[in-house]
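Here the structure comes first, spelled out in C-alpha cells, and everything after it is commentary.
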Number of protein chains: 2
Amino acid sequence: MTKKKPTILVVNDDGITAPGIKVLLEEMQKIGKVVVVAPDSPQSGMGHAITIGRPLRLDKIDLYEGVEMYKCSGTPVDCVKLAVNKIFKGRKPDLCVSGVNHGLNYSINVLYSGTMSAAVEGAIEDIPSIGFSLDDFSHHADFSHCRPYIRAIAQQVLQNGLQKATLLNVNFPHISKEIKGIKICRQATAKWFEEFDERLDPYNREYFWMTGKFQLLDRGEDTDAYALSQGFVSVVPTQFDMTAHHTITELNSWNFDIKE
Amino acid sequence: MTKKKPTILVVNDDGITAPGIKVLLEEMQKIGKVVVVAPDSPQSGMGHAITIGRPLRLDKIDLYEGVEMYKCSGTPVDCVKLAVNKIFKGRKPDLCVSGVNHGLNYSINVLYSGTMSAAVEGAIEDIPSIGFSLDDFSHHADFSHCRPYIRAIAQQVLQNGLQKATLLNVNFPHISKEIKGIKICRQATAKWFEEFDERLDPYNREYFWMTGKFQLLDRGEDTDAYALSQGFVSVVPTQFDMTAHHTITELNSWNFDIKE
C-alpha cells in the first residue's frame, strides 16, 4: 500500500503576507502537499461575508519558494469557494486549515472571525477543517510554541476524520505562557462591550472608531476561555446548524393572530 | 397600569432605501415607537462582518416623514452596535427586527446573510430579535402578503419573549403562492454549488463573477425549505452557540502526539 501525501488547503483572514499563514503553511508542508489561497489584503472581522455584486480576482504569486500560492481580492470565505471550484476543481483537498490568526478567536469571536468562517466554509464543502488562532495581535507575534500543536492536531484530524458538518476551532495561549496541554472545550458565553471613539473630520463631520472590551459572561470550567486562562490550547468542536432546537416545542404553543 | 409603547429597532442589509425596510418600519409603527438604523449602501452577503481598521459614519436622515432614521457607512452588524451604543445608549429597545430582505435567508443562508447577522447581533445584545426575508430578489418585490404575518410574529415575540440567546428567522413564500400558515422549523441542510463566470478585463486580465445554485441536501419535512415549498411562512428559532457538543466525548479520546 502506498501512502499518498494529503493535499492541504491553507487560508487565512490576515492576508497572504501575514506571518501567521507562513507558520501554518510551513507546518503543513511537513505533512502534506500545500496549496495556499489567501486574501490580498487584511480581512479581519469579515465573518462569513461573501462578495456579491463585484467581480473577484484570483492571481497566482510566488511569495515563498516551492509553494503553490494564490492571492484573492475577496473575503476569506470567497478564498475557499474559489479554491474548491477554480483550483481543486471538484477534487477536494484532504484538509483545510485557516490561520494562524494574529489574535484569539475563542468564544463569541467565532461569529466575527474571517479565519473561522473560512474553516466553516471548508466544512460546508465537506473538507475536514481547522481554524488556528494565537493570543497575540502583533504583526511580530511569536508562533514558535504553536508549531508542534498545529502539526499534531492536523495529523489527528487527517487520521481520525471529523464528524459530518463539524470542524475545529483551535486557540493558542500567548508565547509568555507555558503550554500545559490541549483541552477539548465548549464556546464560552461572552460579548463585546463596544466603545465608539467619536471624532471630527477636517470638514467638521462626525465619525467613529469602533473599539470594545471583551466581557466573559460564563464561569464554566469547560469553556475555551477558561482553558486558555489556565495555559491550555483550547479545541472547540464547531458546527453550523444555527437552529435553536430546544425552543421548537415552546414556539409551537404560540398563537399567531393573523389580522389582514 | 399604563401600557408603554414598545421601542423597536429596525435594521436591514439591503440598505436604507430598500423597499423591504419601508414595509417593515410601516408595520412596526403600528405597534411601537420605531428607530431605523440601516446601511447607506447594499450589504447583502456580508454575514457577521464588522468594520475594523476603518472609521464609521452614522448620519440622521429624513427619508420618511415622522420616522427617526439613521444611515450608517458600515455593515448590518455595525448598525446594531451603533444603534445600541450611540442612539439607545444602553437603554435597550424592546425588539430588534431586520429586513424585510429581498431574497430568502432560509437554511444555510443564515450564515451568509447580513439580515440575519444583524438579528443575531440584536440577540447577542439581549434584545428579542427577528429577521424577515421574502422569496423575491427583485427591487419591486411585492411584500403585501407578508404584512399581517410580520405584525403577528412581532407581537407574539413582544408578548412571550424569546429564550435567552435565541432569535427568530422568518421567511415568506413569494406573493404568487397562497400562504397556508406559519410553521416552526429547523434549518434545512443545504449548500451552494458555486459557478464562477470567467471573463477578461480590457487589459486582458482574468476576473470572476461568483454565481451559484442552491442545492437542498435534506429530505426532512420539518425544515424551513420544506415549509416554504408547501406555501408556509417558515419560522426557525436560531441560536449562536457554534459548539458541536455532540462530538466532545469523541474528541476527548484522541491522542495528540506533541513532538517539539
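The values are calculated or read from the model by the stated rules, or taken from the named source; none is laboratory data. Worth saying up front: this structure is predicted, and the values here are computed from it rather than measured. Here the Cβ positions follow ideal geometry from the backbone for every residue, glycine too, while neighbour counts run over all protein chains shown.
A few comments on the model shown:
- Single condition A:ASP126 does not satisfy, out of (1) in contact with a strand residue (DSSP E or B) (Cβ under 9 Å, 6 or more places away or on another chain); (2) free of Cβ contacts under 8 Å to residues at least 40 places away in the same chain; (3) at negative phi; (4) surrounded by fewer than 22 Cβ atoms within 10 Å (Cβ to Cβ): (3)
- Which listed residue is in contact with a Cys (Cβ under 9 Å, 6 or more places away or on another chain) and either β-branched (Val, Ile, Thr) or modelled with pLDDT under 95 (or both), from B:ILE61, B:ILE16: B:ILE16
- Answer residue from the range B:23-36, given it is aliphatic (A, V, I, L, M) and more than 14 Å from chain A (Cβ to nearest Cβ) and is surrounded by the most Cβ atoms within 10 Å (Cβ to Cβ) among those: B:LEU24
- Condition check for A:LYS30: out of contact with any strand residue (DSSP E or B) (no Cβ under 8 Å at 6 or more places or on another chain) and modelled with pLDDT of 95 or more: yes
- In the range A:1-22, the residue that is farthest from B:ILE50 (Cα to Cα) out of those that are hydrophobic (A, V, I, L, M, F, W, C) and surrounded by 20 or more Cβ atoms within 10 Å (Cβ to Cβ) is A:ILE8.
- Matching residues in the range A:226-236 - criterion: being crowded, with 24+ Cβ neighbours inside 10 Å and not hydroxyl-bearing (Ser, Thr, Tyr): A:ALA227, A:VAL233, A:VAL235, A:VAL236
- Selection of the range B:37-71 for residues being closer than 22 Å to B:LYS89 by Cβ, surrounded by fewer than 20 Cβ atoms within 10 Å (Cβ to Cβ) and among the basic types (Lys, Arg) yields B:ARG57, B:LYS60.
- Options A:LYS191, A:LYS177; residue that is within 11 Å of chain B (Cβ to nearest Cβ) and not aliphatic (A, V, I, L, M): A:LYS191
Yes/no matrix, rows are residues, columns are (1) modelled with pLDDT under 95; (2) more than 22 Å from B:ASP241 (Cβ to Cβ):
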| position | (1), (2) |
| --- | --- |
| A:ASP142 | no, yes |
| A:HIS145 | no, yes |
| A:PRO148 | no, yes |
| A:ARG151 | no, yes |
| A:LEU162 | no, no |
| A:THR166 | no, no |
| A:GLU178 | yes, yes |
| A:GLY181 | no, yes |
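- The single condition among (1) out of contact with any Asp or Glu (no Cβ under 7 Å at 6 or more places or on another chain); (2) closer than 28 Å to A:GLY74 by Cβ; (3) free of Cβ contacts under 8 Å to residues at least 40 places away in the same chain that B:LYS191 does not meet is (3).
- Residues considered: B:LEU158, B:LEU162, B:LEU63. Of these, the only one that is over 24 Å from A:GLN43 (Cα atoms) and under 17 Å from the mean Cα position of the chain (by Cα) is B:LEU162.
- Some residue of the range B:13-33 being farther than 17 Å from B:ALA152 by Cα, touching a residue at least 40 places away in the same chain (Cβ under 8 Å) and part of a strand (DSSP E or B): no
- Cβ-Cβ contacts under 6 Å between residues 6 or more apart (or on different chains), taken from a first residue in the range B:199-216 that is within 11 Å of A:ARG57 (Cβ to Cβ) and within 8 Å of another protein chain (Cβ to nearest Cβ) to a second residue that is outside any strand (DSSP E or B) and of a type in the set (D, E, K, R), are listed as B:TYR207/A:ARG57; B:TYR207/B:ASP201.
- Residue in the range A:83-100 that is more than 24 Å from A:ILE150 (Cα to Cα) and in contact with a Ser or Thr (Cβ under 7 Å, 6 or more places away or on another chain) present: no
- When the range B:74-110 is filtered for residues that are crowded, with 23+ Cβ neighbours inside 10 Å and basic (Lys, Arg), only B:LYS81 remains.
- Positions within the range B:234-249 being within 7 Å of chain A (Cβ to nearest Cβ) and under 14 Å from A:THR166 (Cβ atoms), in sequence order: B:ASP241, B:MET242, B:THR243, B:ALA244, B:HIS245, B:THR247, B:ILE248
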